[in-house]
Amino acid sequence: QVQLEESGGGLVQAGGSLRLSCAVSGRTFSRVAFGWFRQAPGKERDFVAGISRSGGSTSYADSVKGRFTISRDNVKNTVYLQMNSLKPEDTAVYYCAADFQISSRVRQGTDEYDFWGQGTQVTVSS
């Protein structure tokens, strides 16, 4: 019903910036909420940031508040994650996901999202 493809990952120095993009297929883009998650080796996949269907509501993990910004472009059918002041502990595979539930809330559970991209690697060196 929907496909997602992440891009923009790479290797950056601590304190640097990176912008991740998630290209989304389908004409129902504006009716879907999106989230960004990350998973480091040997750890669980955790919520990073989310944005509502309208784009008027966002949510962030405490560890990234003030550094990361999620946004969406309904014309380009793309979700973004702007990451600033990157730290080595931000190193992980980053995934975007789509939530089809009709709600004004941003949900944070991995089992609450319906479709996932393949992920993009972000590595932050000191």
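No lab work stands behind these numbers, since they all come straight from the coordinates. Bear in mind that the values here come from a model prediction, so they are computed numbers and not experimental data. Backbone-built Cβ (ideal geometry, glycine too); neighbour counts: all protein chains shown.
Of the residues 81, 54, 26, the one whose Cα sits farthest towards the positive end of the charge dipole of the chain is 54 (charges of +1 on Lys and Arg Cβ, -1 on Asp and Glu Cβ, taken about the Cα centre).
Ordering 100, 120, 37 by the projection of their Cα atoms onto the charge dipole of the chain, which places +1 on the Cβ of Lys and Arg and -1 on the Cβ of Asp and Glu, puts 100 at the extreme positive end. Cross-link reach is defined here as a Cα-Cα straight distance under 18 Å, omitting same-chain residues fewer than 8 places apart; for residue 87 the lysines meeting it are 43, 65. About its Cα centre, the chain has a charge dipole of approximately 360 debye under the convention of +1 per Lys or Arg Cβ and -1 per Asp or Glu Cβ, with nothing else charged. Here the contact order of region 1-110, divided by its residue count and restricted to Cα pairs under 8 Å and six or more residues apart, works out to 35 percent. Over the Cα atoms of the chain, the radius of gyration divided by the Kirkwood radius equals 0.94; this is the Rg/Rh ratio.
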